[in-house]
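Chemist: I have a structure I would like to understand better, so I am pasting it below and will then ask my questions one at a time.
The values are calculated or read from the model by the stated rules, or taken from the named source; none is laboratory data. The model shown is predicted, which means the values in this text are computed figures rather than measured ones. Methodologically, a virtual Cβ is constructed for each residue, glycine included, from the backbone with ideal geometry; neighbour enumeration extends over all protein chains shown. For accessibility, only protein heavy atoms count, side chains too; no ligands or nucleic acids. Shrake-Rupley method; radii C 1.70, N 1.55, O 1.52, S 1.80 Å.
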Amino acid sequence: MAFVQDPPRLHHLYRSDRPLRALLRHLLPAGVLKSCEVSFDRLGELGAGPLYRMQLDDRLNEPRLVPWDAWGNRIDRITPTPLWREAERLAVEHGLIADAYEQAFGMHARIVQFAKVYLFAASTDIYSCPLAMTDGAARALLDAGNEQLVARAVPHLTSRDPDRFWTSGQWMTEAVGGSDVGASQTVARRDARGWRLYGRKWFTSAVNAQVALTLARPDGNPSGGRGLALFYLETRDEHGALNGIRINRLKDKLGTRKVPTAELELEGARAEPVCGLGDGVRHIAPMLNITRMWNSIVAVALMRRGIALAKDYATRRCAFGGRLIDKPLHRDTLAGLEAECQGALHLTAFVAALVGRSESGVASVQQTRLLRLLTPITKALTGRQAATVVAEAVEAFGGAGYIEDTGIALLLRDAHVLPIWEGTTNVLALDAMRTAMDGGMDVLHRELGFILQEARASELMRIGARIESAMEAIDAHLCGGRERGGIEHDARRVALSLGRCTALALLCRHAQWARDAGWGDGAIAAARRFAQHGLDLPAATSFEDTAALLGTAAAAAGEDMAFGPASFGP
């Protein structure tokens, strides 16, 4: 009889995820957790069952652009996939955006949202993309204080009613540059009826949104980021006609293929300034901070999905006389992935908690500065972790992981966008270094000290000593880099090191809580293994070596040209 391999199966995403349940028990008051567990449980059931099956069945479907109707009218309509339509309904009904704005959970609202997004994202083919931008748009409009636009848009953006819900786009990238938004060429011109926008947007994800926030340069404004203004526009009028927008084509991407990412022309699109006629990059920063948080949550969710499938498959796949799960080397490989995932889980939840405190008005000045530092660091680190961990998980399936119709390869293609969206690793590292060098390191040192005080077990204290030693080495490296004029040169290594130190400290604190609360020593094992992987301390490097490898005179001369005013982010 021919051999037929049993495919991997997903188990209930909430009930089977012990690290998540322990984390929520640790972070949420008992009353908040009790009120949310029905939704967590339902999302866990859907994500492992109907949504996951629908995702596999929907694999070959992609959004479709219909430029013209049957009578020659330009309509540029986007038809999303069946899974995306179902994902929108579920996201709205479960309050994935609303929870953050209804204030029912106070400063814990973002942790509740974190858990729901984490349970939802991996089974919905990156429907998290429009949700992230919608959440970010609501935050940016509220922070800007434009009462008219808040009244007009925010009730739709945060609605629990699918018939009233709007999504938002974030249109910043142009052909002249993605991260370098200061080079944007879209212009805003005023006429008797208001403002019109003219320009070409090169990447506009989820282009079928009802509204968008975009950057444009009002006529007469200076060049650079300060001359840009943040504008709000609605994509269609009350008759369904596009608002001075022409969709040229949908992007043919490596992954996230369910996300309708388009190139479009703004041909006199009606728009309204959100907050004045300048400093648009600063005004869109609240949106970027939220979308970076979402990016980190999705990174953890995709890691968890890859590991969950690989672990289940290892119990079913037999080779060399036994199950893969019984092979010491394979078990060791999966354990290493698990430790990385748990570190990312705790780091991302910590940032979400800081966002919740900030939005609730209870964050201290120090916590606000800590959030400013850790948001780009967390996004950068978790994006890199996701690409690596998911690649390892795919490899755990052998050739089956490379086959599209198993659904495994999809994870790898989608994960590779996470280090790119919302700022590449290098851009985020520079962003973090600006904050670190402006007092952020002192704030992080202080916070890590408080966190590690709670890790009392002797083994955890030894790990804590390693973290403190690593932080001292980073301090020394930054001081040396300042003297060499090389802060930018080492920014990536430093930022990722700070992220790993923080993640490990949080793992240690949670491990102590888990032991005390009767959850066992699994979290201690995660902290131990994460520490064994290293804290990625920046090695001593030289401009001369960089120049020799790349043949660039600028690097040899020690030029540090880009480390200055922010071109992307706050």
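Chemist: Using beta carbons and a limit of 6 Å, which pairs, at least six apart or on different chains, have the first residue in the range 213-239 and over 13 Å from Ala271 (Cβ atoms) and the second one surrounded by fewer than 15 Cβ atoms within 10 Å (Cβ to Cβ)?
Modeler: Short answer, once both residue conditions are applied: Asp219/Arg189.
Chemist: Next question. What is the one condition in (1) in contact (Cβ under 8 Å) with a residue 60 or more places away in the chain; (2) out of contact with any helix residue (DSSP H, G or I) (no Cβ under 7 Å at 6 or more places or on another chain) that Gly356 does not satisfy?
Modeler: (2)
Chemist: OK, next. Scanning for something within 24 Å of the chain's Cα centre (by Cα) and either open to solvent by 10 Å² or more (accessible area, probe 1.4 Å) or farther than 19 Å from Ala22 by Cα (or both), does the range 471-487 turn up at least one residue?
Modeler: Checked the range 471-487: no residue is within 24 Å of the chain's Cα centre (by Cα) and either open to solvent by 10 Å² or more (accessible area, probe 1.4 Å) or farther than 19 Å from Ala22 by Cα (or both).
Chemist: Which one is least open to solvent (accessible area, probe 1.4 Å) among residues in the range 85-103 that are over 21 Å from the mean Cα position of the chain (by Cα) and modelled with pLDDT of 95 or more?
Modeler: Restricting to residues being over 21 Å from the mean Cα position of the chain (by Cα) and modelled with pLDDT of 95 or more, the top hit is Glu86.
Chemist: Right, something else. Checking Val38 against (1) surrounded by fewer than 19 Cβ atoms within 10 Å (Cβ to Cβ); (2) closer than 16 Å to Ile111 by Cα; (3) in contact with a Gly (Cβ under 7 Å, 6 or more places away or on another chain): exactly one of these is not met. Which one?
Modeler: With (1) surrounded by fewer than 19 Cβ atoms within 10 Å (Cβ to Cβ); (2) closer than 16 Å to Ile111 by Cα; (3) in contact with a Gly (Cβ under 7 Å, 6 or more places away or on another chain) applied to Val38, the lone miss is (3).
Residues checked against (1) surrounded by 24 or more Cβ atoms within 10 Å (Cβ to Cβ); (2) aromatic (Phe, Trp, Tyr); (3) touching a His at 6+ places or on another chain (Cβ under 8 Å):
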site	(1), (2), (3)
Ala262	yes, no, no
Glu265	no, no, no
Pro273	no, no, no
Gly276	no, no, yes
Asp279	no, no, no
Gly306	yes, no, no
Ala314	no, no, yes
Ala319	no, no, no
Asp332	no, no, no
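Chemist: Of the conditions (1) in a helix (DSSP H, G or I); (2) under 23 Å from Val259 (Cβ atoms); (3) open to solvent by 50 Å² or more (accessible area, probe 1.4 Å); (4) among the hydrophobic types (A, V, I, L, M, F, W, C), Leu43 fails just one. Which one is it?
Modeler: Condition not satisfied by Leu43: (3).
Chemist: Considering only strands (runs of 3 or more DSSP E) fully contained in the range 166-238, which possess at least 3 residues that are under 25 Å from Pro155 (Cα atoms) and touching a strand residue (DSSP E or B) at 6+ places or on another chain (Cβ under 7 Å)?
Modeler: Hits in the range 166-238: 168-171, 194-204, 211-218, 229-234.
Chemist: Considering (1) farther than 15 Å from Ala121 by Cα; (2) open to solvent by less than 10 Å² (accessible area, probe 1.4 Å), say which one Pro82 fails and leave the rest.
Modeler: Going through the list (1) farther than 15 Å from Ala121 by Cα; (2) open to solvent by less than 10 Å² (accessible area, probe 1.4 Å), Pro82 breaks only (2).
Chemist: Within the range 150-160, how many residues are open to solvent by 60 Å² or more (accessible area, probe 1.4 Å), out of contact with any helix residue (DSSP H, G or I) (no Cβ under 6 Å at 6 or more places or on another chain) and closer than 20 Å to Gln103 by Cβ?
Modeler: Residues that pass the stated criteria total 1.
Chemist: A follow-up question, please. Would you check which residues across the range 392-413 are under 16 Å from Arg53 (Cα atoms) and either open to solvent by 20 Å² or more (accessible area, probe 1.4 Å) or among the aromatic types (Phe, Trp, Tyr) (or both) and list them?
Modeler: Residues satisfying the conditions are Glu404, Asp405, Thr406, Leu410.
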